[in-house]
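The values are calculated or read from the model by the stated rules, or taken from the named source; none is laboratory data. Note that the structure is predicted; figures quoted are calculated from it, not measured. In this analysis, Cβ positions are derived from the backbone assuming ideal geometry, glycine residues included, and neighbour counts consider all displayed protein chains.
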Amino acid sequence: MTLAARRIDPDVWTREQFLAWAEAHAGDRGYEFDGVRPVAMAPATLGHNEIARNIRETLRDRLPSGMGCKTYGPQQPIETVGGALREPDAFIACSAPRRTSVTIAAPVIVFEVLSPGRENRHRDETERVDEYESVPTILRYVIVESESRGVRVFWREPGERAWRGEPLDAGGPLRLPEFGVDLGFDEIYEGVAFD
(Lines give C-alpha, C1' and ligand atoms only; values in the text may rest on other atoms or scores of the structure.)
Protein backbone atom coordinates (compact mmCIF):
# COMPACT_ATOMS: atom_id res chain seq x y z
CA MET A 1 0.00 0.00 0.00
CA THR A 2 1.35 3.41 -0.95
CA LEU A 3 1.88 6.28 1.44
CA ALA A 4 -0.84 8.26 -0.39
CA ALA A 5 -3.33 5.40 0.12
CA ARG A 6 -2.33 5.22 3.78
CA ARG A 7 -3.17 8.92 4.22
CA ILE A 8 -6.56 8.59 2.49
CA ASP A 9 -7.79 5.42 4.26
CA PRO A 10 -8.45 6.16 7.95
CA ASP A 11 -8.57 2.41 8.69
CA VAL A 12 -4.93 2.00 7.68
CA TRP A 13 -2.61 2.27 10.67
CA THR A 14 1.08 3.01 10.83
CA ARG A 15 3.44 0.81 12.85
CA GLU A 16 3.80 3.64 15.37
CA GLN A 17 0.01 3.97 15.77
CA PHE A 18 -0.27 0.25 16.40
CA LEU A 19 2.53 0.21 18.98
CA ALA A 20 0.99 3.14 20.87
CA TRP A 21 -2.44 1.48 20.76
CA ALA A 22 -1.01 -1.90 21.85
CA GLU A 23 0.75 -0.30 24.81
CA ALA A 24 -2.51 1.30 25.95
CA HIS A 25 -4.33 -2.05 25.58
CA ALA A 26 -1.64 -4.26 27.14
CA GLY A 27 -4.13 -6.11 29.35
CA ASP A 28 -6.39 -7.04 26.44
CA ARG A 29 -6.24 -10.17 24.32
CA GLY A 30 -3.11 -10.42 22.18
CA TYR A 31 -2.87 -8.59 18.87
CA GLU A 32 -0.45 -8.61 15.99
CA PHE A 33 -0.06 -5.95 13.31
CA ASP A 34 -0.55 -7.11 9.73
CA GLY A 35 1.03 -3.95 8.31
CA VAL A 36 -2.36 -2.26 7.98
CA ARG A 37 -4.34 -2.79 11.20
CA PRO A 38 -4.41 -4.82 14.44
CA VAL A 39 -5.37 -8.49 14.14
CA ALA A 40 -6.68 -10.33 17.21
CA MET A 41 -4.87 -13.56 18.01
CA ALA A 42 -6.86 -16.60 19.06
CA PRO A 43 -6.40 -17.65 22.68
CA ALA A 44 -3.86 -20.46 22.92
CA THR A 45 -4.70 -23.85 24.39
CA LEU A 46 -2.81 -25.19 27.39
CA GLY A 47 -1.11 -27.75 25.12
CA HIS A 48 -0.02 -25.02 22.71
CA ASN A 49 1.53 -23.01 25.56
CA GLU A 50 3.28 -26.08 27.05
CA ILE A 51 4.86 -26.95 23.69
CA ALA A 52 6.03 -23.36 23.11
CA ARG A 53 7.45 -23.15 26.65
CA ASN A 54 9.28 -26.47 26.18
CA ILE A 55 10.90 -25.16 23.00
CA ARG A 56 11.98 -21.86 24.56
CA GLU A 57 13.37 -23.43 27.74
CA THR A 58 15.24 -26.20 25.94
CA LEU A 59 16.78 -23.75 23.49
CA ARG A 60 17.71 -21.32 26.26
CA ASP A 61 19.66 -24.10 27.99
CA ARG A 62 21.38 -25.30 24.80
CA LEU A 63 22.34 -22.23 22.81
CA PRO A 64 26.12 -21.87 22.69
CA SER A 65 27.34 -19.03 24.89
CA GLY A 66 29.44 -16.28 23.39
CA MET A 67 27.46 -16.06 20.13
CA GLY A 68 25.25 -13.20 21.32
CA CYS A 69 22.10 -15.15 20.42
CA LYS A 70 19.04 -15.45 22.64
CA THR A 71 15.64 -17.12 22.69
CA TYR A 72 12.54 -14.90 22.66
CA GLY A 73 8.77 -15.18 22.48
CA PRO A 74 5.87 -15.12 22.54
CA GLN A 75 5.15 -11.45 23.25
CA GLN A 76 8.20 -10.02 21.55
CA PRO A 77 7.44 -9.04 17.95
CA ILE A 78 9.61 -9.33 14.88
CA GLU A 79 9.06 -7.17 11.80
CA THR A 80 8.27 -8.82 8.47
CA VAL A 81 7.47 -7.60 4.97
CA GLY A 82 5.26 -4.55 4.71
CA GLY A 83 5.91 -3.52 8.29
CA ALA A 84 3.87 -6.36 9.82
CA LEU A 85 4.71 -7.21 13.43
CA ARG A 86 4.40 -10.91 14.24
CA GLU A 87 4.79 -12.60 17.62
CA PRO A 88 6.11 -16.13 17.08
CA ASP A 89 5.78 -18.67 19.88
CA ALA A 90 9.58 -18.86 20.03
CA PHE A 91 12.50 -17.53 18.04
CA ILE A 92 16.25 -17.15 18.20
CA ALA A 93 17.80 -13.80 17.30
CA CYS A 94 21.42 -12.76 17.14
CA SER A 95 21.23 -9.04 17.74
CA ALA A 96 21.85 -6.72 20.64
CA PRO A 97 18.53 -5.00 21.33
CA ARG A 98 18.29 -2.20 23.86
CA ARG A 99 16.40 -2.96 27.06
CA THR A 100 13.63 -0.62 25.88
CA SER A 101 13.27 -2.23 22.43
CA VAL A 102 9.85 -3.52 21.46
CA THR A 103 10.81 -5.39 18.31
CA ILE A 104 13.77 -7.73 17.94
CA ALA A 105 15.95 -7.53 14.83
CA ALA A 106 17.76 -10.31 13.01
CA PRO A 107 15.72 -13.42 13.91
CA VAL A 108 17.48 -16.56 12.66
CA ILE A 109 15.08 -19.40 13.56
CA VAL A 110 11.33 -18.94 14.09
CA PHE A 111 8.92 -21.42 15.70
CA GLU A 112 5.13 -21.33 15.36
CA VAL A 113 3.04 -23.85 17.28
CA LEU A 114 -0.16 -24.52 15.33
CA SER A 115 -3.36 -23.49 17.06
CA PRO A 116 -6.52 -25.52 16.54
CA GLY A 117 -8.81 -24.21 13.82
CA ARG A 118 -8.61 -24.07 10.06
CA GLU A 119 -8.03 -20.29 9.90
CA ASN A 120 -5.13 -20.43 12.38
CA ARG A 121 -3.55 -23.36 10.54
CA HIS A 122 -3.90 -21.61 7.18
CA ARG A 123 -2.24 -18.46 8.56
CA ASP A 124 0.78 -20.33 9.98
CA GLU A 125 1.20 -22.76 7.07
CA THR A 126 0.79 -20.32 4.17
CA GLU A 127 0.80 -16.62 5.04
CA ARG A 128 3.57 -16.88 7.63
CA VAL A 129 5.72 -19.01 5.33
CA ASP A 130 5.76 -16.16 2.81
CA GLU A 131 6.17 -13.44 5.45
CA TYR A 132 9.06 -15.15 7.21
CA GLU A 133 10.67 -15.96 3.87
CA SER A 134 10.75 -12.19 3.22
CA VAL A 135 13.08 -11.64 6.20
CA PRO A 136 16.62 -12.36 4.94
CA THR A 137 18.03 -13.24 8.37
CA ILE A 138 15.51 -16.05 8.97
CA LEU A 139 17.22 -19.26 7.90
CA ARG A 140 14.74 -21.72 9.41
CA TYR A 141 10.98 -21.64 10.04
CA VAL A 142 9.65 -24.50 12.17
CA ILE A 143 5.93 -25.32 12.33
CA VAL A 144 5.03 -27.52 15.31
CA GLU A 145 1.74 -29.42 15.59
CA SER A 146 -0.20 -28.97 18.83
CA GLU A 147 -2.82 -31.71 18.43
CA SER A 148 -0.42 -34.51 17.50
CA ARG A 149 3.34 -35.05 17.30
CA GLY A 150 4.61 -33.51 14.12
CA VAL A 151 7.04 -30.88 12.86
CA ARG A 152 7.52 -29.31 9.46
CA VAL A 153 10.68 -27.33 8.67
CA PHE A 154 11.37 -24.70 6.03
CA TRP A 155 15.01 -23.73 5.66
CA ARG A 156 17.55 -22.04 3.41
CA GLU A 157 21.27 -21.46 3.35
CA PRO A 158 22.62 -17.95 4.10
CA GLY A 159 22.21 -15.76 1.02
CA GLU A 160 19.45 -17.91 -0.50
CA ARG A 161 16.03 -16.39 -1.09
CA ALA A 162 13.68 -19.39 -1.41
CA TRP A 163 12.77 -21.96 1.24
CA ARG A 164 13.17 -25.69 1.01
CA GLY A 165 10.73 -27.67 3.13
CA GLU A 166 10.14 -31.09 4.61
CA PRO A 167 8.10 -32.77 7.34
CA LEU A 168 10.05 -34.65 10.00
CA ASP A 169 9.00 -38.13 11.00
CA ALA A 170 7.36 -38.44 14.42
CA GLY A 171 10.59 -39.59 16.06
CA GLY A 172 12.63 -36.50 15.27
CA PRO A 173 15.01 -35.06 16.20
CA LEU A 174 14.65 -31.48 15.02
CA ARG A 175 18.14 -30.43 13.97
CA LEU A 176 19.19 -26.78 14.16
CA PRO A 177 22.62 -26.82 12.51
CA GLU A 178 22.90 -23.02 12.69
CA PHE A 179 23.61 -23.47 16.41
CA GLY A 180 24.69 -27.12 16.59
CA VAL A 181 21.54 -27.95 18.58
CA ASP A 182 19.08 -30.84 18.29
CA LEU A 183 15.63 -30.94 19.90
CA GLY A 184 14.07 -34.34 20.49
CA PHE A 185 10.32 -34.70 20.02
CA ASP A 186 10.09 -35.99 23.59
CA GLU A 187 11.55 -32.66 24.72
CA ILE A 188 9.22 -30.60 22.52
CA TYR A 189 6.14 -32.49 23.72
CA GLU A 190 7.16 -33.07 27.34
CA GLY A 191 4.12 -33.00 29.63
CA VAL A 192 1.64 -32.87 26.72
CA ALA A 193 -0.83 -35.78 26.55
CA PHE A 194 -2.81 -36.34 23.35
CA ASP A 195 -6.31 -37.84 23.41
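With respect to residue 147, is the statement that it is assigned to a loop (DSSP other than H, G, I, E, B) and farther than 20 Å from residue 81 by Cβ true? Yes, satisfied. Taking segment 153-181 as the range and being surrounded by 14 or more Cβ atoms within 10 Å (Cβ to Cβ) and without any contact (Cβ under 8 Å) to a residue 24 or more places away in the chain as the test, the residues that pass are 153, 155, 156, 168, 172, 173, 175.
State whether one or more residues within segment 83-103 are assigned to a helix (DSSP H, G or I) and under 23 Å from residue 25 (Cα atoms).
Pass one, segment 83-103, residues assigned to a helix (DSSP H, G or I): 83.
From the residues that got through so far, the ones that are under 23 Å from residue 25 (Cα atoms) too are 83.
There is at least one residue in segment 83-103 that is assigned to a helix (DSSP H, G or I) and under 23 Å from residue 25 (Cα atoms).
Taking (1) surrounded by fewer than 21 Cβ atoms within 10 Å (Cβ to Cβ); (2) modelled with pLDDT under 90 in turn, residue 47 satisfies each apart from (2).
Taking into account only those residues within segment 37-66 that are touching a residue at least 40 places away in the same chain (Cβ under 8 Å) and part of a loop (DSSP other than H, G, I, E, B), which is nearest to residue 131 (Cα to Cα)?
41
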